[in-house]
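Below you'll find the structure, written out as structure tokens, and then a few comments.
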Amino acid sequence: MKAAVLQGTKQLEVVEWENPRPLTHEVVVKVKSCGICGTDQHIYHGHPGSAEVHPPIVLGHELAGEVVEVGSEVTSLQAGDRVSIDPNIYCGTCEYCRSNRAHLCQQLQAVGVTRDGGMAEYCTVPSANCYTIPDVMTFEEAALVEPLGCVLHGFRKITLSPLSRVLIIGGGFIGQLFLQLVKQQHVQSIVVSEPADNKRELLYQLGADDVVQPMAAAKLEADVVIECVGRPESMELAVKSAAKGGQVLLFGVAAPDTVISVSPFEIFSKELTVKGSFINPYTHEEAIRLIAKKVVDVGSLISHRFTKEELPAAMADYPALRVSKGIINH
């Protein structure tokens with residue numbers, strides 16, 4: 001089969017790759033759509049994903065497709081089933097798995113990170129990581145269930161009320177998902193900090209009350225700040241723009257060596273709550289329902305579509321292409 005294989009840092013090649021065979025508890029999925037995550041860009045540039053990456057490997061942890069083969073012990077799925085994949089595989093035995101914090105698993109594995117993923121024609125996946133999707137859902141939508149699941153996990157870490165003034169820093173794909181979820185809570189106001197003018201119209205359509213430049217956001221006082229960028233200046237902005245008693249969610253994925261300058265006195269004197277959010281423990285089914293019922297729109301957020309053959313050039317030139325959300329269709 002053809003696969004886009006990461007051979008090393010900034011080395012992605014489309015090559016012939018061995019067709020996968022399932023273990024007893026696995027299925028083979030014919031990949032129909034695969035999202036390109038910001039984490040894939042991190043991995044491409046030599047950083048870890050949710051776990052350490054060891055090339056050569058097929059990337060792609062946002063994927064959906066059709067089951068074409070099942071392992072001998074699989075009874076929950078059959079050939080022809082349409083599925084969306086939760087890529088995260090937990091050991092089930094470490095202290096975190098045994099205390100209802102499986103996403104912090106000490107032996108975390110992930111499809112498209114520690115084992116071959118969706119940037120290929122076929123992919124093997126544990127049957128427990130497959131979720132059947134309704135006929136009304138497209139494969140593109142099903143591939144984007146995973147990032148919505150991650151956003152849901154972060155969303156559950158904040159408390160909102162009708163009086164909440166919310167600031168979302170970053171109006172890209174993740175910020176757009178958060179915006180839709182926050183809008184459902186009928187908060188007092190939602191402001192998005194986003195420097196790219198080409199995103200403003202969509203952000204207003206999705207429910208933003210105002211879209212401002214980061215310089216203007218620094219002058220705000222928000223009760224809840226959701227940081228979706230992962231850059232030092234945006235994380236520092238999140239703390240500065242939080243009102244007294246505010247909540248700060250650092251959701252954007254920073255490089256491992258990123259360091260920010262934050263005043264502990266500011267956190268103390270404003271009595272801020274600062275939280276992180278890591279991957280998507282058991283949110284996949286809820287995310288499927290939100291998309292299927294059109295509560296959250298993911299399809300219209302796709303800005304670029306690529307073939308496998310276009311991937312090496314696209315990954316090398318990703319920022320210049322101004323990709324908000326890219327997807328591969330097989």
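The values are calculated or read from the model by the stated rules, or taken from the named source; none is laboratory data. Predicted model only: the values in this text are computed from it and were never measured. Neighbour counts run over all protein chains shown; Cβ positions are idealised from the backbone, glycine included.
For Ser261, the conditions (1) within 30 Å of Ile85 (Cα to Cα); (2) not β-branched (Val, Ile, Thr); (3) not assigned by TED's automatic domain parsing to the domain that holds Ala142 are fulfilled apart from (1).
Of the residues making up region 246-279, those that are closer than 16 Å to Val166 by Cβ and among the polar types (S, T, N, Q) are Gln247, Thr273, Ser277. Give the number of residues within region 139-173 that are in contact with a strand residue (DSSP E or B) (Cβ under 9 Å, 6 or more places away or on another chain) and under 19 Å from Gln213 (Cβ atoms). Selection size over region 139-173: 7.
When you check Ile260 against the structure, is it more than 18 Å from Val191 (Cα to Cα) and either in contact with a His (Cβ under 8 Å, 6 or more places away or on another chain) or among the β-branched types (Val, Ile, Thr) (or both), yes or no? So Ile260 fits the description; yes. Kindly check whether there is at least one residue in region 180-193 that is at pLDDT 95 or above, closer than 20 Å to Arg322 by Cα and not polar (S, T, N, Q). Yes; the residues of region 180-193 include at least one that is at pLDDT 95 or above, closer than 20 Å to Arg322 by Cα and not polar (S, T, N, Q). Scanning region 313-330 for residues that are surrounded by fewer than 16 Cβ atoms within 10 Å (Cβ to Cβ) and either part of a loop (DSSP other than H, G, I, E, B) or in contact with a Leu (Cβ under 7 Å, 6 or more places away or on another chain) (or both) yields Asp317, Arg322. The residues of region 232-248 that are in a strand (DSSP E or B) and either closer than 22 Å to Phe155 by Cβ or touching a Gly at 6+ places or on another chain (Cβ under 6 Å) (or both), listed by number, are Ala242, Ala243, Gly245, Gly246, Gln247, Val248. From the residues in region 220-244 that are under 20 Å from Val187 (Cα atoms) and of a type outside the set (A, V, I, L, M, F, W, C), which one is farthest from the chain's Cα centre (by Cα)? In this case the residue turns out to be Lys244. Within region 79-121, if we keep just the residues that are β-branched (Val, Ile, Thr) and in contact with a Phe, Trp or Tyr (Cβ under 8 Å, 6 or more places away or on another chain), the residue that is nearest to Pro56 (Cα to Cα) turns out to be Ile85. Inside region 1-97, counting only strands (runs of 3 or more DSSP E) that do not spill past its ends, which hold 1 or more residues that are farther than 22 Å from Asn329 by Cα, touching a residue at least 40 places away in the same chain (Cβ under 8 Å) and assigned by TED's automatic domain parsing to the domain that holds Ala143? By residue number, 2-8, 26-36, 62-70. Inside region 98-113, residues that are at positive phi and either in a helix (DSSP H, G or I) or buried (at least 20 other Cβ atoms within 10 Å of the Cβ) (or both) make up a count of 1.
Restricting Ser241, Ser189 to residues that are under 25 Å from Lys294 (Cβ atoms) and either in contact (Cβ under 8 Å) with a residue 60 or more places away in the chain or polar (S, T, N, Q) (or both) narrows the list to Ser189. The set of residues in region 270-299 that are in contact (Cβ under 8 Å) with a residue 60 or more places away in the chain, under 19 Å from Cys228 (Cα atoms) and surrounded by fewer than 17 Cβ atoms within 10 Å (Cβ to Cβ) comprises Lys275, Phe278, Asp297.
Checking Ile85, Ile89, Ile43, Ile57 one by one, the residue that is within 21 Å of Gly276 (Cβ to Cβ), surrounded by 17 or more Cβ atoms within 10 Å (Cβ to Cβ) and β-branched (Val, Ile, Thr) is Ile43 and no other.
Are any residues in region 7-66 of a type in the set (Val, Ile, Thr) and touching a helix residue (DSSP H, G or I) at 6+ places or on another chain (Cβ under 6 Å), and if so, which ones?
Listed by number, the residues that qualify are Val14, Val27, Val53.
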